[in-house]
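The values are calculated or read from the model by the stated rules, or taken from the named source; none is laboratory data. Model, not experiment: these values are computed from the prediction. Using ideal geometry, Cβ is built from the backbone for each residue, glycine included, and neighbour counts are taken over all protein chains shown. The area values use the complete protein model at the heavy-atom level, side chains included, leaving out ligands, DNA and RNA. Shrake-Rupley method; radii C 1.70, N 1.55, O 1.52, S 1.80 Å.
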Amino acid sequence: MKIFLDTANLDEIRQGVEWGIVDGVTTNPTLIAREKADFEERVKEICELVKGPVSAEVVATDAEGMVKEARHLASLSEYVVVKIPMTYEGIKAVKILSAEGIKTNVTLVFSVTQAILAAKAGATYVSPFIGRIDDVSSDGLKLVDEIVQVYNNYAFETEIIAASIRHPMHVVEVAMMGVDIVTMPFAVLKKLFLHPLTDIGIERFLKDWETYRGSRKL
Ligand code: G3P
């Protein structure tokens, strides 16, 4: 399972990379805007840090405009993956870009039919948004499970990125389904490390070691 960070914040990415468990990064216009940095500069900086797939999203809404933006974004770094929204025009653009060998990530996916079309168009990645489905009282995890099953049925090569992750149990559930990639906020990644029994265990081991050292006069 690959872990991506869903952020455009360099400190968070640097920390994740130092831990050695971050394989890539996903961004979106909201995450970039939050950083108040130059878009292209930030994409290049992220690529240099992570040296793995970095999703950067187009903002054009017509296929021609998306393809033009995508070609430019792809020229910034070999690691750029162009994020394209799931629309009629988006799928048209993905088909053109996949024929050119430009990597794409079809985003804002909320149904199995949308995921099928993304794979048919040759998308490198597809991003179902779990949390946002949960937010409207539906089942985001069920959607991912169904996409995994359908992609397996047809041996589609498009990789599934479980996105809009809100907490560690989302990560556990999609891992049980065998999803290819989970992209998560830094706050969720940090929580994956933690267990109170680990902290209690370390404290007890260190205390017992100090008692032992005292008794041996070390
Ligand atoms: O980057 C796409 C997705 O992960 C966004 O998540 O939390 O804004 O629904 P969220």
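Test of understanding: among ILE165, ILE161, ILE147, which residue is within 17 Å of VAL81 (Cβ to Cβ), crowded, with 21+ Cβ neighbours inside 10 Å and in contact (Cβ under 8 Å) with a residue 24 or more places away in the chain?
ILE161
What about GLY16, is it part of a loop (DSSP other than H, G, I, E, B) and either open to solvent by less than 70 Å² (accessible area, probe 1.4 Å) or more than 23 Å from ALA175 (Cβ to Cβ) (or both)? Please lay out each step first, then the result.
On the way: part of a loop (DSSP other than H, G, I, E, B): no; either open to solvent by less than 70 Å² (accessible area, probe 1.4 Å) or more than 23 Å from ALA175 (Cβ to Cβ) (or both): yes.
No, not satisfied.
Would you mind finding the one in PHE156, PHE129 that is buried (at least 19 other Cβ atoms within 10 Å of the Cβ) and more than 15 Å from the ligand (Cβ to nearest atom)?
Numbers: PHE129 fails: more than 15 Å from the ligand (Cβ to nearest atom).
Going through PHE156, PHE129 in turn, just one is buried (at least 19 other Cβ atoms within 10 Å of the Cβ) and more than 15 Å from the ligand (Cβ to nearest atom): PHE156.
Yes or no: segment 136-143 includes at least one residue that is open to solvent by 60 Å² or more (accessible area, probe 1.4 Å), at pLDDT 95 or above, more than 16 Å from the ligand (Cβ to nearest atom) and at negative phi.
Just the residues of segment 136-143 that are open to solvent by 60 Å² or more (accessible area, probe 1.4 Å), to begin with: 136-139, 142.
Cutting the leftovers down to at pLDDT 95 or above gives us 136-139, 142.
If we keep only those that are more than 16 Å from the ligand (Cβ to nearest atom) as well, we get 142.
Narrowing further to those that are at negative phi: 142.
Yes, there is a match, as at least one residue in segment 136-143 is open to solvent by 60 Å² or more (accessible area, probe 1.4 Å), at pLDDT 95 or above, more than 16 Å from the ligand (Cβ to nearest atom) and at negative phi.
When residues of segment 26-75 are filtered for being within 15 Å of the ligand (Cβ to nearest atom), under 19 Å from THR87 (Cα atoms) and of a type outside the set (Ser, Thr, Tyr), how many remain?
Final tally of qualifying residues: 6.
If a residue must be in a helix (DSSP H, G or I) and either at pLDDT below 95 or within 15 Å of the ligand (Cβ to nearest atom) (or both), how many such residues does segment 170-185 contain?
Taking segment 170-185 as the starting set, the residues that turn out to be in a helix (DSSP H, G or I) are 170-176.
Next, only the ones that are either at pLDDT below 95 or within 15 Å of the ligand (Cβ to nearest atom) (or both) stay: 170-171, 174.
Counting residues in segment 170-185 that are in a helix (DSSP H, G or I) and either at pLDDT below 95 or within 15 Å of the ligand (Cβ to nearest atom) (or both) gives 3.
Could you check how many residues of segment 42-79 are open to solvent by 70 Å² or more (accessible area, probe 1.4 Å) and under 16 Å from the mean Cα position of the chain (by Cα)?
Residues in segment 42-79 being open to solvent by 70 Å² or more (accessible area, probe 1.4 Å) and under 16 Å from the mean Cα position of the chain (by Cα): 1 in total.
If I ask for residues that are in contact (Cβ under 8 Å) with a residue 12 or more places away in the chain and either farther than 15 Å from GLY140 by Cβ or more than 16 Å from the ligand (Cβ to nearest atom) (or both), which ones from segment 186-214 would you list? Break it down stepwise before answering.
We begin by selecting, within segment 186-214, every residue in contact (Cβ under 8 Å) with a residue 12 or more places away in the chain; these are 186, 188-189, 191-192.
Once the filter is applied, which keeps residues that are in contact (Cβ under 8 Å) with a residue 12 or more places away in the chain and either farther than 15 Å from GLY140 by Cβ or more than 16 Å from the ligand (Cβ to nearest atom) (or both), segment 186-214 yields PHE186, LEU189, LYS191, LEU192.
So how many residues does segment 86-111 have that are surrounded by fewer than 19 Cβ atoms within 10 Å (Cβ to Cβ), over 21 Å from THR183 (Cα atoms) and out of contact with any helix residue (DSSP H, G or I) (no Cβ under 6 Å at 6 or more places or on another chain)?
7
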